[in-house]
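Report on the structure given below.
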Amino acid sequence: PPFVDELEAAGMVVLPMRGTNQLQSALALEFVRLFAPGTIGILFDNDQPSRTGEPSPEQQTINRFTESARAAGQTVEPVGLSRPDIICYLNPQAISGVCHANLPRWDSVIAEFRTASRTNFKVWLKDTHRIDMTSVRKIQEVLDTMRDQSLAFEGELVRAISGFTANILNGADADTAAG
């Protein structure tokens, strides 16, 4: 996953969830809650209410987890990303090259998706734009292309991870100063 080296250097462990509303992800979150020694940070996508105004499935999962962890006395730092899927932070040029397709700007694709009646962004993207990002292998190809061509992630992701890392490090500095 992106930013792993930077996050691990800050003393963090990165656990890709591959979707917060899957049973496997719920079990992984419970494992983290049971064994995490410090602050638990969760970066998640689709931090937007549904079309009906209800919390998104991702928000519901994160809210349940946060309540459970905080009830157990743990510190949780949820960091929500507004876009419907984490792939929306990958460089469109890299996706276009790997998928041999023309991916328009993310804002127009996301706006189009938000008016659709579908809920699974990757499947919708495949069906609507013929861009198949449903496999981990394909996502890794895009990440490799981004690295090889020095293509940047979308700014919101970079700002969210930088801010989260700074908060954790500042908290660690405060703990060290207090101890």
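Given 10 °C and 1.306 mPa s, compute D for region 29-78 with the Stokes-Einstein relation, Rh being the Kirkwood radius over Cα pairs; round to the nearest whole µm²/s. Before the final figure, lay out each step's value.
Numbers: Rh = 11.4 Å.
Answer from the Stokes-Einstein relation: 139 µm²/s.
State the extension gain, in nm to one decimal, for the chain segment bounded by K126 and V79, taking 0.36 nm per residue of separation less the distance between their alpha-carbons. Mind dumping the intermediate values first?
On the way: separation 47, 0.36 × 47 = 16.92 nm, distance 2.71 nm.
Gain on extension, K126 to V79, equals 14.2 nm.
If Lys and Arg each add +1 and Asp and Glu each add -1, what is the summed charge of the other residues whose beta carbon sits under 14 Å from the beta carbon of T128?
Working: positive: R114, R118, K122, K126, R130; negative: D85, E112, D127, D132.
Summing Lys/Arg as +1 and Asp/Glu as -1 gives +1.
Could you work out Rg/(2.2 N^0.38 Å) for region 107-151, with Rg from alpha carbons only?
Numbers: Rg = 12.4 Å, N = 45, 2.2 N^0.38 = 9.3 Å.
Working it through for region 107-151, the quotient is 1.32.
Once amide H atoms are built 1.01 Å from N in the peptide plane, which residues 5 or more positions from I42, or in another chain, come under 5 Å H to H?
E77, V79
Using only alpha-carbon positions, what ratio does the radius of gyration of region 57-179 give when scaled by 2.2 N^0.38 Å? Working shown, then result.
Working: Rg = 17.8 Å, N = 123, 2.2 N^0.38 = 13.7 Å.
After normalising by residue count via 2.2 N^0.38 Å, the value is 1.30.
How far is the Cα center of region 37-85 from the Cα center of region 116-148, in Å?
23
Arranged from highest to lowest average of other beta-carbon atoms within 10 Å per residue, in what order do the peptides 57-69, 104-116 appear?
Going by the mean number of other Cβ atoms within 10 Å, highest first, we get 57-69, 104-116.
Computed from the coordinates by the stated procedures, all read-outs in this text should not be read as laboratory data. These numbers come from a predicted model, not from an experiment. No Cβ is skipped: glycine too gets one built from the backbone with ideal geometry, and neighbour counts run over all protein chains shown.
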